[in-house]
Amino acid sequence: MPNELSDGECISLLGRYKTPKEIVAHCEAVSRKALQIAESLHSNCRIDRALVKSAALLHDIARTEKNHARTGFNFLLSCGYPCVAEIVLAHHNLEFKDLETLTESTIVFYADKLIYGIYEVTIDERFAISLARCSTPEAYTSHQLQYNQALKAQILINSLTIQQ
């Protein structure tokens, strides 16, 4: 089984899942941003750019479902794409290893936090917007966790970019 899929295969999976057009547009924007980040890294960073691109394109495949990261993971796993599925699962909550060493999951997570809808925003702008939707203590805790992880991912990625 391949680790990544072609753009056409990703679009086909999004269609098969009946992912709404506005979410597909968001996924496309995140995929472009994730690839831009991957391409800005030092050459010694061992990142699978094709995997980053396809996982970012599919990260919100199940966005309309409750616990969409887990639902998308299960769907992609059942389709035979375990590497992509793992990154989709991580796009809301990175593992410790993804904040210590740069991984494809780190890049997709971070790119997703830099795109609101189809527009590029800063981490602070993105989290200020999403804070308004936190209606429970659990949602607020999750929001804070993701914000802190995004800041750590930003530091890690910035330390490995060519523009240093």
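The values are calculated or read from the model by the stated rules, or taken from the named source; none is laboratory data. What you see is a predicted model, and the numbers here were worked out from it, not measured in a lab. When we count neighbours, we look across all protein chains shown, and the Cβ atoms used for this are built from the backbone with ideal geometry, even at glycine.
Have a look at ALA85, ALA111 and point out the one that is part of a helix (DSSP H, G or I), buried (at least 19 other Cβ atoms within 10 Å of the Cβ), touching a residue at least 60 places away in the same chain (Cβ under 8 Å) and of a type in the set (A, V, I, L, M).
None of the other options fit; the residue is ALA111.
Can you tell me how many residues within the stretch 114-126 are surrounded by fewer than 20 Cβ atoms within 10 Å (Cβ to Cβ) and either under 17 Å from ALA55 (Cβ atoms) or in contact (Cβ under 8 Å) with a residue 12 or more places away in the chain (or both)?
6
Taking the stretch 14-30 as the search range and keeping residues that are in contact (Cβ under 8 Å) with a residue 40 or more places away in the chain and of a type in the set (Gly, Ala, Ser), which one is surrounded by the most Cβ atoms within 10 Å (Cβ to Cβ)?
ALA29
I'm checking my understanding of the structure. Among residues of the stretch 38-76 that are in contact with a strand residue (DSSP E or B) (Cβ under 8 Å, 6 or more places away or on another chain) and modelled with pLDDT of 95 or more, which one is surrounded by the fewest Cβ atoms within 10 Å (Cβ to Cβ)?
Restricting to residues being in contact with a strand residue (DSSP E or B) (Cβ under 8 Å, 6 or more places away or on another chain) and modelled with pLDDT of 95 or more, the top hit is SER40.
Which one is farthest from the chain's Cα centre (by Cα), of the residues in the stretch 50-82 that are small (Gly, Ala, Ser), assigned to a helix (DSSP H, G or I) and closer than 20 Å to SER142 by Cβ?
Filtering first and then ranking leaves GLY72.
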